[in-house]
Amino acid sequence: MKKNVAVLMGGYSSEHDISVKSGNTVYNNINTNNFIPFKIIVEKENWNLINNDDFKYPISKDDFSVKIDGKKIKFDIAFIMIHGSPGEDGIIQNYFAKLNIPFTGPTADVAKLTFDKKKCTDFAKKNGFNVAKSILINRNSNLEIENIEENLNYPLFVKANNSGSSYGISKAYNREELIYAIDKSFGYDNEVLIEEFLDGKEVSVGVMYFQNEIKVFGISEIVSKNDFFDYEAKYEGNHEVISPARLNNQQKLNVEKASKNLYKKLKMTGFSRTDFIFIGDEPYLLEINSIPGMTEESIFPKQVKMNGISLENLFTYIIDDTLTKFE
């Protein structure tokens, strides 16, 4: 019997629209010979199943079911493609765990850790990975610019601590720009991460446990046409992605080892995308995305296809592997 697959997309954050694009990629590439996909739009007010005629059917959150023409439908698995909250911060994982419904991607604890940029880089540093020097501030703290300037050197990256898709990120070259950047980032989150700028080659590494091994699908070099890889550069075409990245043998070995080891140390499951900056031959961790983008512009699906693996086969593997682990 075919399994009912709920593809969850949307979410509560500024990444809602991008998540819908990612979710649609998954929905459109699920093997309908094996599975019955359903499109679920998650919003704060309500969750709805959207059929092919764009008709909405409200989801019952009590047991994650839906009624269509009087018939109750339950789902065998949740394929989570929500960027930001509640998809990457552990909230929705906790929800499905309590209902004992299988779900793709990381556990709630892992999602919560990787979503918090500061806690994740602190974890990485503690486990021997290279990271940039940084300071975390919150909205209610007494901000002392002098303290930041004493501990970190300009230029500085300022970003929302719990946000993705390069929302709320700025590069500050002086005090005036730093104050403006902090205020901007507080528009996205109550915590702001301030990091020293690392001047080097940026790469993005697609990693997933696939066919009994932690596999690196590809290493892509990010060349922004802007001053850095901001939202406009990422989603409006103002960047170039070079795959495979232009790395020497040592750099390639180092970043493959780092990305695999970090995936293992974090106890990740499902696909992920990890971003690094090279200083010499050494990769420095920027962040890890537990639910990377699946849009046409996204890096991870392109890396998968470079390996001769179709998205349909990838998603089939993820669904089957998840169902097996939850048995």
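The values are calculated or read from the model by the stated rules, or taken from the named source; none is laboratory data. Computed from a prediction, not measured in an experiment: that's the story for all the values here. Every residue, glycine as well, gets a Cβ built from its backbone with ideal geometry; the counts of neighbours run over all protein chains shown.
Observations on the structure shown:
- Candidates Gly70, Gly105: the one that is small (Gly, Ala, Ser) and at pLDDT below 95 is Gly70.
- Reported count of residues in the range 16-29, each being under 14 Å from Lys44 (Cβ atoms) and surrounded by fewer than 24 Cβ atoms within 10 Å (Cβ to Cβ), is 1.
- For Asn31, the conditions (1) of a type outside the set (Asp, Glu); (2) touching an Asp or Glu at 6+ places or on another chain (Cβ under 7 Å); (3) at pLDDT below 95 all hold with the exception of (3).
- Only one entry of Phe300, Phe315, Phe276 meets the criterion of being assigned to a strand (DSSP E or B), of a type outside the set (Gly, Ala, Ser) and crowded, with 20+ Cβ neighbours inside 10 Å, and that entry is Phe276.
- A residue that is within 15 Å of the chain's Cα centre (by Cα) and within 24 Å of Lys117 (Cα to Cα) cannot be found anywhere in the range 239-256.
- Test: Glu45 is assigned to a loop (DSSP other than H, G, I, E, B) and closer than 23 Å to Thr324 by Cα: no
- Ile214 being in a strand (DSSP E or B), touching a Lys or Arg at 6+ places or on another chain (Cβ under 9 Å), surrounded by 20 or more Cβ atoms within 10 Å (Cβ to Cβ) and at pLDDT 95 or above: no
- As a summary of the residue check, Leu266 satisfies the conditions (1) buried (at least 20 other Cβ atoms within 10 Å of the Cβ); (2) modelled with pLDDT under 95 except for the one numbered (2).
- Listed by first and then second residue, the pairs linking a residue in the range 207-230 that is under 27 Å from Tyr173 (Cα atoms) and in the same structural domain as Tyr173 (by TED's automatic domain parsing) to a residue that is modelled with pLDDT of 95 or more and surrounded by fewer than 18 Cβ atoms within 10 Å (Cβ to Cβ), with Cβ atoms under 6 Å apart and 6 or more places separating them unless they lie on different chains, form an empty list.
- Criterion violated by Phe103 - all others in (1) within 27 Å of Ala258 (Cβ to Cβ); (2) buried (at least 16 other Cβ atoms within 10 Å of the Cβ); (3) touching a strand residue (DSSP E or B) at 6+ places or on another chain (Cβ under 9 Å) satisfied: (1)
- Near pairs, Cβ below 6 angstrom, 6+ apart or cross-chain, from the range 1-27 (free of Cβ contacts under 8 Å to residues at least 60 places away in the same chain) to any residue that is aromatic (Phe, Trp, Tyr) and in a strand (DSSP E or B): Lys2/Phe35
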